[in-house]
Amino acid sequence: MYVKQISVFIENSPGKLADFTRLLGDNGIDLVSLSIADTTNFGILRGIVADYEKAVQIIESAGYTVCLTDVLAVTVPDKPGGLADILLLLSENEIAIEYLYSFVRNKGSNALIVFRVADIDKAQDILRAHHVNFLSQEEICNV
Amino acid sequence: MENIIFNPAAETLSRDEIHEIQSRELRDVTRRVYDNVPFYRKKMDALGVKPEDIKTAEDIKYLPFTEKSDLRDNYPFGLFAAPQEQIVRVHASSGTTGKPTVAGYTQYDLDMWAELMARSLSCAGVNKKSIVHVAYGYGLFTGGLGAHYGAERIGATVIPVSGGNTQRQLMLLKDFGATALACTPSYAMNLADAMEREGMDMSQLKLEAGVFGAEPWSEHMREQLETRLHIKAFDVYGLTEMMGPGVAMDCVERCGLHVWEDHFLPEIIDEDLQPLPRNTEGELVITTLTKQGMPLLRYRTHDLSSLDDRPCACGRTHVRMRRVKARTDDMLIIRGVNVFPSQIEHSLLKIPGIAPQYQIVVDRKGSLDTVEVQVELDRTLIGDTVRDLEALNKRIVGQLASDVLISCQVKLCQPGSLPRSEGKAKRVIDNRK
Ligand SMILES: [Zn+2]
């Protein structure tokens, strides 16, 4: 159960991020999750939205560089070591994590973790075998 | 594409006939400038050359050169050879520094220009039935009115849109069904970008040919424009000092641009200003043979080219100049290495994930020249990790180091973020001066 994440290149200069978020706002696109990886020159904004096809079209026509990436989204039990267990499973099976970020939709609920790995199918099989709970695009967007 | 020769009598003269015309016209223009332009009289006197010393076209080597700075020094009308009451129009090109370069035309000159631009557009298949969308700027810039009167001379339908307002350009291209587009190559790229953004279907357009000029552009760019706009793209050469567009033009054979030799005498010279033989690269120098308003002797264009007068399969006999890929004064010297912006463009085109839009910023830190090449990304991101983009950055740096022999910083930019002018692309910013 993959989740489609949009990844957008944003120049690292004043106002660029604000411009981008305004574009989404003006078009009624709600970013459910958001993470930014940045260097001194540029940033890569990653986020999950409900209607990703429409979002890509709008972002692209506004002149941005964008792509869709398959990522996995899981819930992590709200107890100490919840995330560590998952990371351990992956590293024991030699699955490298490209990046990972977490977010919480509602107060007090489980943390959601989004991550991208090199071998997404293998990662999914292993985690599923250990009863890790996956979320679909709809589930994330309706949490 | 149909091969139409607009003026067969003139365009298929034998080489001997061309030589005879050039000799006669060179004698005539030398006499006219000596008698009417104090600047030339002084220069020729200093060299000890009299008009009667010029007998054949070969004698051009005795005549003085004209530099762009000579036009500036005689700004605005000092080099005009016809009295002001005979000058019916003035054009000017924006100089990179200060005052513009000015040219004056008599009615004879405008008629000649229309004829040569008609020959040029015909090379691109334009005929009476064609609809020519002119998106060159109209005004002091020669592009708009030059293409306009040439197309009218053929009897084509002219759409004088001028530059700017890209949305409106797209609408008119579609609604009026233009078959030929005349503009700068960078503006054509702009239009192609906009069409793709709008999701415009090229089959809605009737475009067959593009006539692009006023700035050097590469073969790669030609391929891009042809596939993106579904056209044949032709290179038209010209400069305000000579007349405007239509001094030389690509034919369907694509083996160089025919220079209209019954009106211009082209030469190639080396760095020591010595004439070079055919098919040898050097600086293009042009003498206007028939112009009345502002004839120029041996004008140094600073464009790099070579000349080839072997027969062309299109049937035209006029000498072909190789496409101008670089200008001697565009050349950057970076830490002692000669760099042409076009080399950087060629190098960038080899790398997927980026667009052929770039800008070079040269600066000096202490005694060291620094170069930053700013490159626009394609609209599809090639990878969404910092590592992916750093690898792309590194690849560009490596490609430039091996192709252009410079070490530089590369900055990745959002698509469309680098300045594009509706006239000419600004590729180089040199902050060292
Ligand atoms: Zn030809």
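Counting only Cβ charges, +1 for Lys and Arg and -1 for Asp and Glu, the dipole size of chain A around its Cα centre is about 340 debye.
Interface A-B: total buried accessible area of about 1800 Å², 1.4 Å probe, protein heavy atoms only. Cross-link check: pairs B:Lys128/B:Lys325; A:Lys4/B:Lys206; B:Lys55/B:Lys99; A:Lys16/B:Lys426 evaluated at a Cα-Cα cut-off of 30 Å; pairs beyond the cut-off: B:Lys128/B:Lys325; A:Lys4/B:Lys206; B:Lys55/B:Lys99. Net length available on complete extension from B:Lys128 to B:Ser402 is 93.7 nm, with 0.36 nm assigned per residue and the Cα-Cα distance removed. With both labels modelled 7 Å from their Cα along Cα-to-Cβ, the B:Lys206 to B:Asn431 distance reads 5.0 nm. Only lysines eight or more places from B:Lys50 in sequence, or on another chain, were considered; those with a Cα closer than 18 Å are B:Lys42, B:Lys61.
Considering helices alone, the calculated mean residue ellipticity of the protein assembly as shown at 222 nm is -9500 deg cm²/dmol, with DSSP H runs of length four and up weighted by -39500 (n - 2.57) and normalised per residue. Just the number please: accessible area per residue for segment B:8-329, 1.4 Å probe, all protein chains included, in Å². So segment B:8-329 comes to 39 Å² accessible per residue, rounded to a whole number.
Phi-derived couplings, Karplus 6.51 cos²θ - 1.76 cosθ + 1.60 at θ = phi - 60°, listed residue by residue for segment A:89-103: 4, 5, 6, 4, 9, 6, 9, 7, 8, 6, 6, 7, 8, 10, 8 Hz, with x used for Gly and Pro.
With both labels modelled 7 Å from their Cα along Cα-to-Cβ, the A:Ser136 to B:Met331 distance reads 6.6 nm. Between B:Thr385 and A:Ala111, the distance separating the two model label sites (each 7 Å from Cα on the Cα→Cβ line) works out to 2.1 nm. Evaluated at q = 0.11 Å⁻¹, the base-10 log of the normalised Debye intensity for segment A:71-141, with identical point scatterers placed on the Cα atoms, takes the values -0.24.
Charge dipole (Cα centre; +1 on Lys/Arg Cβ, -1 on Asp/Glu Cβ; no other charges) of chain B amounts to roughly 680 debye. Here the accessible area of segment B:28-181 is 53 percent carbon and sulfur, with a 1.4 angstrom probe and all protein chains present. A cut-off of 5 Å between modelled amide H atoms, ignoring neighbours fewer than 5 places along the same chain, links B:Phe264 with B:Leu289. Between the listed residues B:Gln224, B:Met112, B:Thr166, the Cα displaced farthest toward the positive end of the dipole of chain B, a dipole computed from Cβ unit charges relative to the Cα centre, is found at B:Thr166. Each eigenvalue of the Cα gyration tensor of the protein assembly as shown, multiplied by 5 and square-rooted, gives one semi-axis; in descending order these are 59, 25, 20 Å. Taking a cut-off of 19 Å between Cα atoms, list the aspartates and glutamates near B:Lys68, but don't count ones fewer than 8 places away on the same chain. Once the sequence-local aspartates and glutamates are set aside, what remains near B:Lys68 is B:Glu215, B:Glu241, B:Glu267, B:Asp270, B:Glu271, B:Asp272, B:Glu283, B:Asp303, B:Asp329, B:Asp330. Between amide H atoms placed 1.01 Å from N, distances below 5 Å from A:Asp119 occur with A:Ala96, all of them 5 or more places distant or on a separate chain.
Database remark: amide H of B:Val161 closer than 5 angstrom to the amide H of B:Val134 (H placed geometrically; neighbours at sequence offset of 5 or more, or on other chains; Pro and chain starts carry no H).
Backbone geometry of segment B:245-251 corresponds, through the Karplus equation with coefficients 6.51, -1.76 and 1.60 at θ = phi - 60°, to 3J(HN,Hα) couplings of x, x, 6, 8, 8, 4, 10 Hz, x marking Gly and Pro. Residues in segment B:391-399 carry Karplus couplings, in order, of 5, 4, 4, 5, 5, 5, 4, x, 5 Hz; the curve used is 6.51 cos²θ - 1.76 cosθ + 1.60 with θ = phi - 60°, and Gly or Pro positions show x.
Charged neighbours of A:Gly28, selected by a Cβ distance under 11 Å, balance to -2 (K, R count +1; D, E count -1).
At an R0 of 56 angstrom, the distance between the Cβ atoms of B:Leu47 and B:Arg310 translates into a FRET efficiency of 0.95. Placing unit charges on the Cβ atoms only, positive for Lys and Arg and negative for Asp and Glu, gives the protein assembly as shown a dipole magnitude near 940 debye about its Cα centre. Could you work out the local net charge near B:Pro356, counting Lys and Arg as +1, Asp and Glu as -1, over the other residues with Cβ closer than 9 Å to its Cβ? Taking every Cβ under 9 Å from that of B:Pro356, the sum is -2. With bins 10 Å wide beginning at 0, the percent of Cα pairs of segment B:298-433 falling in each bin runs 10, 35, 29, 16, 8, 1.
The values are calculated or read from the model by the stated rules, or taken from the named source; none is laboratory data. Note that the structure is a prediction, hence the values are computed from the model and not measured. Don't worry about glycine lacking a Cβ; one is built from the backbone with ideal geometry, like all the others, and counts go over all protein chains shown. Ligands, DNA and RNA are stripped out before the accessible areas are found, and what is left, the full protein with its side chains, is counted by its heavy atoms. Shrake-Rupley method; radii C 1.70, N 1.55, O 1.52, S 1.80 Å.
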